[in-house]
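Report on one structure; see the data block that follows.
The values are calculated or read from the model by the stated rules, or taken from the named source; none is laboratory data. Predicted model, so just to flag it, every value in this text is computed and none were measured. Cβ atoms come from the backbone with ideal geometry, glycine included; neighbour counts cover every protein chain shown.
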Amino acid sequence: MSKEWNVLLPPVVHPSGPAAIADFANCTGIDEYDSTADALDDIGRYDAMILRVTELDATVLDGATRMKVLAKHGTGTDNIDYAAAARQNIIICNTPGANAQSVGEHVIGLLLGVRRHIHTADKHVRAGGWDRATYTGRELTGDTLGLYGFGFTARATATLARGIGLSVLTYAPRSTDDSLPDDVQRVDDLTALFEKSDAVSAHVPLTDETHYSISTEQLDALGETGVLINTSRGDVVDEQAIISALENGTIAGAGLDTFSQEPLGADHPLCTRDDVLLTPHLGGATEQAMARMSQRAAANIRTVYEGQLPDTTLNSSDCTIGLQK
Amino acid sequence: MSKEWDILLPKQIDRSGPESLTDFAQCTRITEYERTDDALADIDQYDAIIVRTADLSAEVLARAERLKVIAKHGTGLDNIDIEAASRHGIVVCNTPGVNARSVAEQTIALLFGLRRNLHTADRHVRNGGWDRAAFVGRELQGDTLGLMGFGAIARETAAIAQGVGLEITIYDPHHADSKVPAGIERVDSLTELCAQSDAVSLHAPLTPETRHAIGAEQLNALGSDGVIINTARGGIIDESALVDALDEGLVGGAGLDNFEQEPPGADNPLYDYDRVLLTPHLGGVTENALERMSRRAADNVRTVYHGALPESTVNREDLDQEVLQ
């Protein structure tokens, strides 16, 4: 007997999510088609889709006549045309927070890595060196970590930071006082956050307001023993200002997981600096986060299958009749 | 007016310790002499010496007529002839425990570094790469960290590890049950520790009993997802067994700050593996630990100046007490 729903999967997805809806769903991977375009040409036969980065524009969605739910694997949905989805009464939902623990741990890993020079020390040992004094580090205990923003990933970072002996400050104009843990102190100004912190980590989305919001003034305030960590979005930081601050010794170092242009490219001036630790947008890239995103996206599909709106529905005002489809 | 005591200082020392002694002492750096031997030839001019690596042999100490205290900056006393010092009534003391927090943080830094591939991801980005799927990491939260030994450094490591969400299991045959904090499991063999843990960190001295204690059997028990961390002493791990285990994929990785031979040489087989993170014995090398060593060594000098014995005196029983008067 054929299953009741056809579900389209992204090329890479942790198997635990699809396995959890196998009782009602017949799942097909995009990679089972010759190309992504071929899969999208066939979108008319699917009731649901778990989606990562595939572009769903109006042309594609106009053909998605059976589609009831687009379950984003992750948070950002800028690859979906909301108006076209609304015309088909398709519910759009996501999995916010599923990678928060992974991002928080990456922040602490980068901070420890920069403070203890682990990447350059590793390179030095492999090259036959043993100049220990060059790699003198700095303890985290007793330092203050400033968090710019206080959403899911900042919250996870704060818990880890306090666990390792750091004090935590935040500049988060949109968070209410009673949403902050008792031992996280608030400051009212971004530059003041940098002034009062030994390290600052960015946890804000990229918006007009946050674009280049970390620049020369903030880095000057962070100071010559300060470290900047960015796992949010590259353009939250004025990259040229970081390079200047590092060159001038205005700050001590940086741990960067996101960049203005990704891939960064070998010719980028950051690539020759020992005082930066660079990773290719790996904050949320762990086995555990991949499993959680897969499971939550699948659970959202089940919710819609059972006639409900997922808690993380992003277009509920557009979907008043979506459930009757 | 000249100060009452003359103190000889090592080449490198945080200034906070010497500065705290200026009320009664004038300090001379060993580097103010042309050579270390010239400084040691002048040893009879000094009432105290803060020493790091200079060789204080019986011959040197025989001429140290005014010397009352040898304050070791650090723990190891291999460079001091303690018997000769005792014969001349010279107090020998050191600064144990001051680097415990630094070593513990290095342990956690190596663990994060391995789990998130920080050193190899950094290398990849600098070479122009952006293959994110190749560096998918693993969260620490919920994993079990096994500690071999439960002395001061292991206890600091346990506190940090619990703070970042790890479970702790220990193996320490020399540790009383009553001293193990609640929430920490205990096992009766090293192989059992490896079998029950996702990561194992070594915190034991190198003794005939611990030499090559981590061999093929323990690495097999740790398993293909497990990692071993060594910030204690090289030689506890059988390095050739580790290379074999890495080669066969029997162990997931290793974070090594210590080696059987230090420096580990220009062409050590460990360098062939990306799943190892190597640092040049940096566990205790932080500004914070160096400052504490400087202050404690200076405090020890002051204690002797006041006619008392420092708590960390190592030749208490052998001293001719009159000399202190």
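Points worth noting:
- Scope the stretch A:67-106; condition in contact with a strand residue (DSSP E or B) (Cβ under 8 Å, 6 or more places away or on another chain), more than 10 Å from chain B (Cβ to nearest Cβ) and closer than 30 Å to B:G283 by Cα; matching residues: none
- The condition (being under 25 Å from A:L282 (Cβ atoms), surrounded by fewer than 23 Cβ atoms within 10 Å (Cβ to Cβ) and of a type in the set (D, E, K, R)) is satisfied by just one residue among A:E262, A:E247: A:E262.
- No other residue among B:F150, B:F135 is among the aromatic types (F, W, Y) and within 11 Å of chain A (Cβ to nearest Cβ) apart from B:F135.
- Residue within the stretch A:173-180 that is modelled with pLDDT of 95 or more and either of a type outside the set (F, W, Y) or out of contact with any Phe, Trp or Tyr (no Cβ under 7 Å at 6 or more places or on another chain) (or both) present: no
- Residue list for the stretch A:263-309, restricted to those being away from chain B (no Cβ under 12 Å) and among the small types (G, A, S): A:S294, A:A297, A:A298, A:A299, A:G307
- Among the residues making up the stretch A:236-250, a single one is charged (D, E, K, R), in contact with a Ser or Thr (Cβ under 9 Å, 6 or more places away or on another chain) and assigned to a helix (DSSP H, G or I): A:E239.
- Selection from the stretch B:112-128 of residues that are under 22 Å from A:M290 (Cα atoms), at the interface with chain A (Cβ under 7 Å from one of its Cβ atoms) and part of a loop (DSSP other than H, G, I, E, B): B:R116
- Cross-chain or 6+ apart pairs with Cβ under 8 Å, the stretch B:11-36 first and within 17 Å of B:E291 (Cα to Cα), then among the polar types (S, T, N, Q): B:K11/B:T31; B:I13/B:S294; B:D14/B:S294; B:R15/B:S294; B:S16/B:S294; B:G17/B:S294; B:P18/B:S294
- Among the residues listed as B:L250, B:L270, the single one being in contact with an Asp or Glu (Cβ under 9 Å, 6 or more places away or on another chain), without any contact (Cβ under 8 Å) to a residue 60 or more places away in the chain and more than 10 Å from chain A (Cβ to nearest Cβ): B:L250
- Count - residues of the stretch B:133-164 that are buried (at least 17 other Cβ atoms within 10 Å of the Cβ), out of contact with any helix residue (DSSP H, G or I) (no Cβ under 7 Å at 6 or more places or on another chain) and under 30 Å from A:T258 (Cα atoms): 1
- Residue within the stretch B:170-178 that is at the interface with another protein chain (Cβ under 9 Å from one of its Cβ atoms), under 24 Å from the mean Cα position of the chain (by Cα), at negative phi and small (G, A, S) present: no
- Qualifying residue in the stretch B:130-138 (condition: under 26 Å from the mean Cα position of the chain (by Cα) and not basic (K, R)): no
- Filter result (outside any helix (DSSP H, G or I) and either in contact with a strand residue (DSSP E or B) (Cβ under 8 Å, 6 or more places away or on another chain) or among the aromatic types (F, W, Y) (or both)) within the stretch B:129-139: B:W130, B:V136, B:G137, B:R138, B:E139
- Wholly within the stretch B:4-111, helices (runs of 4 or more DSSP H) carrying at least 1 residues that are outside the structural domain of B:D299 (by TED's automatic domain parsing): none
- The set of residues from the stretch A:280-293 being in contact with a strand residue (DSSP E or B) (Cβ under 9 Å, 6 or more places away or on another chain) and either free of Cβ contacts under 8 Å to residues at least 40 places away in the same chain or over 15 Å from A:T153 (Cβ atoms) (or both) comprises just one member, A:E287.
- Qualifying residue in the stretch B:52-74 (condition: of a type in the set (S, T, Y) and closer than 17 Å to B:E4 by Cα): no
- The requirement of being closer than 28 Å to A:L193 by Cα, of a type in the set (A, V, I, L, M) and within 8 Å of chain B (Cβ to nearest Cβ) is fulfilled nowhere in the stretch A:144-159; no residue meets it.
- Scanning the stretch A:25-35 for residues that are over 22 Å from A:N300 (Cβ atoms) and either in a strand (DSSP E or B) or not acidic (D, E) (or both) yields A:Y33, A:S35.
- Among the criteria (1) at pLDDT below 95; (2) at the interface with another protein chain (Cβ under 10 Å from one of its Cβ atoms), the one A:L323 does not fulfil is (2).
- Members of the stretch B:70-86 found to be in contact (Cβ under 8 Å) with a residue 60 or more places away in the chain, in contact with a Leu (Cβ under 9 Å, 6 or more places away or on another chain) and not small (G, A, S), listed by number: B:H73
- Residue within the stretch B:292-304 that is in contact with a strand residue (DSSP E or B) (Cβ under 8 Å, 6 or more places away or on another chain), assigned to a helix (DSSP H, G or I) and in the same structural domain as B:D238 (by TED's automatic domain parsing) present: no
- Residues that are more than 15 Å from the chain's Cα centre (by Cα) and among the β-branched types (V, I, T) within the stretch B:54-77 comprise B:V60, B:V69, B:I70, listed in sequence order.
- Filter result for A:V12 (at pLDDT below 95, of a type outside the set (S, T, N, Q) and outside any strand (DSSP E or B)): yes
- Selection of the stretch A:280-298 for residues being buried (at least 18 other Cβ atoms within 10 Å of the Cβ) and over 13 Å from the mean Cα position of the chain (by Cα) yields A:Q288, A:R292, A:S294, A:Q295, A:R296, A:A297, A:A298.
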